[in-house]
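Q: Below are the structure tokens for one structure; questions will follow.
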Amino acid sequence: MVKEDPATLVLVEKRGKTTIITINRPHKRNCVNGPTARALYQAFLDFDADSTAAVAILTGAGGNFCAGADLAAILNQDEANPMSSEWPDTLPGPIGPMGPSRMVLSKPVIAAISGYAVAGGIELALWCDIRIVDPTATLGVFCRLRGVPLIDGGTVRLPQVVGRGVAMDLMLTGRAVKAQEALKIQLATCFPPSYETVNETPALQQALALAESLWEHPQTCMRNDRLSTHFANPIREAMIKEYELGIETLTSGEFQEGITKFFNKNKEKARM
């Protein structure tokens, strides 16, 4: 087992007016446990309060964005993800199971997606305003295969981004979506903008160029137009219902069988 330093679960770097927030659990494909969720939440609180920061980029270390919630943490009370139905009306909002997914920030956030952005990882990506992919990216509702529910905005935001029909396909099948298809269904894009051809440049490098271009806009106008878009699609009540249904799924115990099979399969692979 890799011993983790709580202070390095999430890395924060400033480049000009851009804040890069990196999930730093590469040995877990950047799966998010409770301590990581809390560190992510705090990082975005700090970003939103930082008057020198204009844009944030969310990414992952070691070649993956985020492979979802840490399944091992679900069964460990000390490391479990934050779970609460409380949702105060004040902004920027409460912590969610994946950390910032229930926040409404005053400034834009870009997801720089290399490797896996699946399960809770796709929920984090959907929370961001723009999703940038490179050829290594794979997105999907992989938690479908383990009996673990989408519980942090996935069932609400995915239909808003790609439409209900495509969202149902992805949510019910749990299939993988590679970068080229992500562009086609407008789940993600590249920079310079493209829904046709995947940019070979690493996603973080593309996102940095996009962030710098956003600096050039009159900030009050851009931020207020962005906030208006968020408030035009209120999701609070829908996400509360998603959470209630998710808890019902978790308390059914069905997911435990899926998780057990997942860990047993990994143990078999490790022995080979």
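Q: Between Gln160 and Glu254, with labels modelled 7 Å along Cα→Cβ, what's the label distance in nm to one decimal, could you check?
A: Taking the two extended label points, one gets 2.6 nm.
Q: Quick one: 3J(HN,Hα) in Hz for the stretch 20-25, Karplus 6.51/-1.76/1.60 with θ = phi - 60°, rounded, Gly and Pro as x.
A: Along the stretch 20-25, the couplings run 9, 10, 10, 6, 10, 10 Hz.
Q: Val141's amide H: which non-local residues (gap 5+, or another chain) put their own amide H closer than 5 Å, with H modeled 1.01 Å from N in plane and none for Pro or chain starts?
A: Amide H to amide H, under 5 Å and 5 or more residues apart or across chains, Val141 pairs with Ala119, Gly174, Arg175.
Q: Express in whole angstrom the spacing between the alpha-carbon centres of the stretch 133-202 and the stretch 59-127.
A: Using only Cα atoms to place each centre, the spacing works out to 16 Å.
Q: Select from Glu79, Glu254, Glu216 the residue whose mean-square fluctuation is largest in a Gaussian network model of the chain (Cα-Cα springs shorter than 10 Å).
A: Looking only at Glu79, Glu254, Glu216, the biggest GNM fluctuation is shown by Glu216.
Q: Based only on other Cβ atoms within 10 Å, what is the fewest-to-most ordering of Ser101, Ser114, Ser84?
A: Final ranking by Cβ density, sparse to dense: Ser84, Ser114, Ser101.
Q: Another question, then. Using the alpha carbon gyration tensor of the chain, what are the three equivalent-ellipsoid semi-axes (square root of 5 times each eigenvalue), largest first, in whole Å?
A: 27, 21, 20
Q: Let me know the charge dipole size of the chain about its Cα centre in debye, to the nearest 20, where only the beta-carbon of Lys, Arg (+1) and Asp, Glu (-1) is charged.
A: 640 debye
Q: Near Leu9, within a Cβ-to-Cβ distance under 13 Å, what is the net charge of the other residues, with Lys and Arg +1 and Asp and Glu -1?
A: 0
Q: If you don't mind, there's one more thing I want to ask. Hey, what number do you get for the chain at 222 nm if only DSSP H runs of n ≥ 4 count, each worth -39500 (n - 2.57), divided across all residues, to the nearest 500?
A: -13000 deg cm²/dmol
Q: Of Val177, Thr251, Ala54, which is farthest along the charge dipole of the chain in the positive direction, counting Lys and Arg as +1 and Asp and Glu as -1 at C-beta?
A: Projecting each Cα onto the dipole axis, the largest value belongs to Val177.
Q: Which of Pro135, Pro159, Pro192 moves most in a GNM of the chain, Cα contacts under 10 Å?
A: Looking only at Pro135, Pro159, Pro192, the largest GNM fluctuation is found for Pro192.
Q: To the nearest 20 debye, what charge dipole does the stretch 27-91 have about its Cα centre, counting +1 at the Cβ of each Lys and Arg and -1 at the Cβ of each Asp and Glu?
A: 340 debye
Q: Another question, if that's okay. Provide the per-residue ³J(HN,Hα) series for the stretch 37-48, in order, calculated from phi with Karplus coefficients 6.51, -1.76, 1.60 and θ = phi - 60°, each as a whole number of Hz, with x at glycine and proline positions.
A: Ordered by residue, 3J(HN,Hα) equals 4, 5, 5, 5, 4, 5, 4, 6, 4, 5, 4, 5 Hz.
Q: Still on this structure, please answer the following. How would the stretch 85-127 be classified by its alpha-carbon gyration tensor: rounded, prolate or oblate, with rounded meaning a/c under 1.5 and the a/b versus b/c comparison settling the rest?
A: Here the stretch 85-127 falls in the oblate category.
Q: Further question: Mean-square fluctuation check for the chain, GNM, Cα pairs under 10 Å: which of Ser51, Ser106, Ser194 is largest?
A: Checking each option, the largest mean-square fluctuation is seen for Ser51.
Q: Among residues other than Phe65 whose Cβ falls under 12 Å from its Cβ, what is the net charge (Lys/Arg +1, Asp/Glu -1)?
A: Net charge around Phe65: +1.
Q: For the chain, what's the relative contact order in percent, using C-alpha pairs closer than 8 Å and at least 6 residues apart?
A: About 16 percent, as a whole number.
Q: Can you list the residues, at least 5 places off or on another chain, whose amide H is less than 5 Å from the amide H of Gly96, using H built in the peptide plane?
A: Those lying under 5 Å, H to H, from Gly96 are Ser101, Arg102.
Q: Out of residues 5 or more away from Gly60 or on other chains, whose amide H comes under 5 Å of its own, with H placed 1.01 Å from N in the peptide plane?
A: For Gly60, whose amide H was placed from the backbone, the distant partners under 5 Å are Ile23, Ser114.
Laboratory data are not the source of any read-out in this text; all were calculated from the coordinates shown. Every value quoted in this text rests on a predicted model; they were computed, and no experiment measured them. Cβ sites come from the backbone with ideal geometry, for glycine too, and all protein chains shown count toward neighbours.
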